[in-house]
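Everything on this sheet refers to the single structure shown next.
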Amino acid sequence: GENVEQHPSTLSVQEGDSAVIKCTYSDSASNYFPWYKQELGKRPQLIIDIRSNVGEKKDQRIAVTLNKTAKHFSLHITETQPEDSAVYFCAASIVGAAGNKLTFGGGTRVLVKP
Amino acid sequence: NAGVTQTPKFQVLKTGQSMTLQCAQDMNHEYMSWYRQDPGMGLRLIHYSVGAGITDQGEVPNGYNVSRSTTEDFPLRLLSAAPSQTSVYFCASSYGDDYQETQYFGPGTRLLVL
C-alpha cells in the first residue's frame, strides 16, 4: 500500500519567515495530495490540495509543489504569522479508485515565534 | 448544514466493554471513513464505505466493525475494547467522485480504555 513520509517533525520559525514541509510518497498511482492543518484539540482542516496533473498551486500565503517523477510534494508558507502555529499533515490518495482513501504523513508541528 | 457530526465527544471504557461511536453527515456524501489518531502521529484509516451497504477495511481494521445502512450514518463499533484502542477517532466524508475529492472531518471522539 501507499506510504507517506513527512519531514521535519517539528519546525520553529520566526514570524515573517517562510516555512517548508516536505513529503514523499511511494505509490506512483496516487493522484491527489491534500494538506491539512490541525490545531490543538481540533479536527483536521483542509488548507490546500493538488492533483497530479498540476505542478504547483497557490492560495495567498500558501503554496504546494508536486514532483511526480521524484514522488515528492511540499508545502510552502510565506510571511508566517502566529496563527499559522499548528500541526500540518500531508496525505496522498488515488481519487476515482474504490474510495478516496487518504494515507497521511506523520505530521509537522510548526511553531511561529513572534 | 451541520456537516459531519460525531458522538460522543469523550468516552471512558473498561477493557472488554463494547461501544458504538456515531458519525453522521448531512451533505449527501457517498464516501465515509473512520480514522484513528494516536498521540503525536498521523491519522490511520480503520474502515471506509463508498456507499450505503458497502464497506471495506482500511489500514488498521482489527477490533472494529462498521455498517452503512443509510447514506447519512456510518457507526464504528468496538467489539471488546483494549487499552491499545485509546485514541482520538475521526470520521470523514466526501462526495467520492473524481472532481469533488475534499474530505471533511468531524470534530472527533476521544476514547480512553482503562
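The values are calculated or read from the model by the stated rules, or taken from the named source; none is laboratory data. Bear in mind that the values here come from a model prediction, so they are computed numbers and not experimental data. As a convention, Cβ positions derive from the backbone with ideal geometry for all residues, glycine included, and neighbour counts pool all protein chains shown. Accessible surface is based on the protein model in full, side chains and every heavy atom, while ligands, DNA and RNA are left aside. Shrake-Rupley method; radii C 1.70, N 1.55, O 1.52, S 1.80 Å.
Remarks
- With at most 14 other Cβ atoms within 10 Å, longest stretch of chain A clear of loop GluC sites (Glu not before Pro) (DSSP): A:40-78
- Per-pair calculated FRET efficiency, R0 = 30 Å: A:Q45 and B:N62 via Cβ, rounded to 0.05: 0.55
- Short-range pairs are left out: with C-alpha atoms under 8 Å and at least six residues apart, the relative contact order of the stretch A:68-107 is 32 percent.
- Cβ-based net charge around A:S30, under 11 Å, with every Lys or Arg adding one and every Asp or Glu removing one: +2
- Across A:K37/A:K71; A:K113/B:K9; A:K37/B:K14, pairs whose alpha-carbon gap is larger than 24 Å: A:K113/B:K9; A:K37/B:K14
- Protein heavy-atom accessible surface, 1.4 Å probe, per residue over chain B: 46 Å².
- Heavy-atom accessible area ranking, 1.4 Å probe, most first, across A:K71, A:K58, A:K37: A:K58, A:K71, A:K37
- With the charge dipole of chain B set up from +1 on Lys and Arg Cβ and -1 on Asp and Glu Cβ about the Cα centre, the Cα lying farthest toward the positive end among the listed residues B:A24, B:N62, B:F74 is that of B:N62.
- Taking a straight line from the alpha carbon of A:K22, these aspartates and glutamates sit under 20 Å away, with near neighbours fewer than eight places off in the same chain left out: A:E2, A:E5, A:E39, A:D49, A:E56, A:D59, A:E79, A:D84.
- Converting the Cα gyration tensor eigenvalues of chain A into ellipsoid dimensions via √(5λ) gives semi-axes, longest first, of 24, 14, 12 Å.
- Viscosity 1.306 mPa s, 10 °C: Kirkwood-radius Stokes-Einstein D of chain B over Cα pairs, µm²/s: 113 µm²/s
- 5 angstrom amide H check on B:L79, placed H, neighbours 5+ away: B:N65
- Taking the charge dipole of the protein assembly as shown about its Cα centre, with +1 at Lys and Arg Cβ atoms and -1 at Asp and Glu Cβ atoms, the residue from B:S84, A:S93, A:V64 reaching farthest to the positive side is B:S84.
- Pairwise FRET efficiency - B:D38 versus B:A2, Cβ, R0 = 22 Å, nearest 0.05: 0.20
- Debye intensity ratio I(q)/I(0), log10, the protein assembly as shown, q values 0.11, 0.12, 0.13, 0.18 Å⁻¹ (C-alpha model): -0.55, -0.65, -0.76, -1.33
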